[in-house]
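The values are calculated or read from the model by the stated rules, or taken from the named source; none is laboratory data. Fair warning: this is a prediction, and the values are worked out from it, not measured in the lab. In this analysis, Cβ positions are derived from the backbone assuming ideal geometry, glycine residues included, and neighbour counts consider all displayed protein chains. The area values use the complete protein model at the heavy-atom level, side chains included, leaving out ligands, DNA and RNA. Shrake-Rupley method; radii C 1.70, N 1.55, O 1.52, S 1.80 Å.
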Amino acid sequence: MTRAVPEPRKTLDPDRVAEWLARHPDFFVGREGLLQQLKVPHPEAHGTTSLLERLVHDLRRRAEQAEWRLEQLLESARHNEVQYRRTRELVLALLEAEDADALGQALATQIAERFQIPAVALWCPAQLTNHEPLPPQPPRHVLDEHAGVRLAALLDGRTSRCTRLTPTDWGRLLPHAKPPRQTGSCALTRLTLGEPMGYLVLASPDPDHFRASMDTLFTEYLGDVLARLLLRHAPSVHDSPPAHG
């Protein structure tokens, strides 16, 4: 008599099991003992652990991640508040300046004290300064062709940019400030108000203070404020003293 050959053992497809459990979330109701018997891989060590312990571990990890994200948001909010207060005090000091030289001095002082940026330069075209009774005082400078060409080259077609600043460029673009022995960094922005108004240069001897990946929103905003104030302080032809024969 020939014995029947047993059928090969059938195994369930894991994806189908997962799909079935997803469509029957009440499967474990009344089968709580089965939950306690289930074993899953341990997330941090070899071997297995109970399903309930794994769930507790995952929930704890999610809570820690949520707490970390919340702390990051709070830290960002605190940083933004500090930056806002610094920027507010800076702009108020600029608004209180009585003339263009006082504006430049207020800019240099506030930038150094509140933002730890040791060097600043304002390059203005001659038409903004040629009717002033005295030559501009640092950090203001009259924009000549040489400085204009170099500043435009550093901007490389952009409105603003953070980049490295060699000691040679430092000496050219910040002639009133002692250049570092090694390459520093700077934030540049073009001053415009319907027409070119010059350039703003913020510089640091630290080559990583202004990195190429940094956002330039603050520099552009400061440049917009300065362009308007420089135009306000620029004397017109009618304000110049009469010539004596």
* If a residue has to be within 20 Å of Phe210 (Cα to Cα) and open to solvent by less than 50 Å² (accessible area, probe 1.4 Å) to count, how many in segment 184-197 make the cut? -> 7
* To do: Residue by residue through segment 75-93, note down the ones that are open to solvent by less than 80 Å² (accessible area, probe 1.4 Å) and either outside any helix (DSSP H, G or I) or not charged (D, E, K, R) (or both).
  => Ser76, Ala77, Val82, Gln83, Thr87, Leu90, Val91, Leu92, Ala93
* Asked: Could we say that Gly171 is open to solvent by less than 10 Å² (accessible area, probe 1.4 Å) and either more than 20 Å from the chain's Cα centre (by Cα) or charged (D, E, K, R) (or both) here?
  -> no
* Yes/no for Thr159 being of a type outside the set (A, V, I, L, M, F, W, C) and either open to solvent by 70 Å² or more (accessible area, probe 1.4 Å) or out of contact with any strand residue (DSSP E or B) (no Cβ under 6 Å at 6 or more places or on another chain) (or both) -> yes
* Test each condition in (1) open to solvent by less than 80 Å² (accessible area, probe 1.4 Å); (2) in contact (Cβ under 8 Å) with a residue 24 or more places away in the chain; (3) touching a helix residue (DSSP H, G or I) at 6+ places or on another chain (Cβ under 8 Å) for Arg150 and report the one that comes out false. => (2)
* Candidate set from segment 116-147 (those that are out of contact with any Pro (no Cβ under 7 Å at 6 or more places or on another chain) and aliphatic (A, V, I, L, M)); member that is surrounded by the fewest Cβ atoms within 10 Å (Cβ to Cβ) -> Leu134
* Asked: Do any helices (runs of 4 or more DSSP H) lying entirely in segment 142-245 carry at least 1 residues that are over 25 Å from Glu96 (Cβ atoms), and which ones are they?
  -> 145-155, 167-173
* To do: Determine whether segment 94-106 contains at least one residue that is without any contact (Cβ under 8 Å) to a residue 60 or more places away in the chain, touching a strand residue (DSSP E or B) at 6+ places or on another chain (Cβ under 6 Å), outside any helix (DSSP H, G or I) and closer than 30 Å to Ala234 by Cα.
  => no
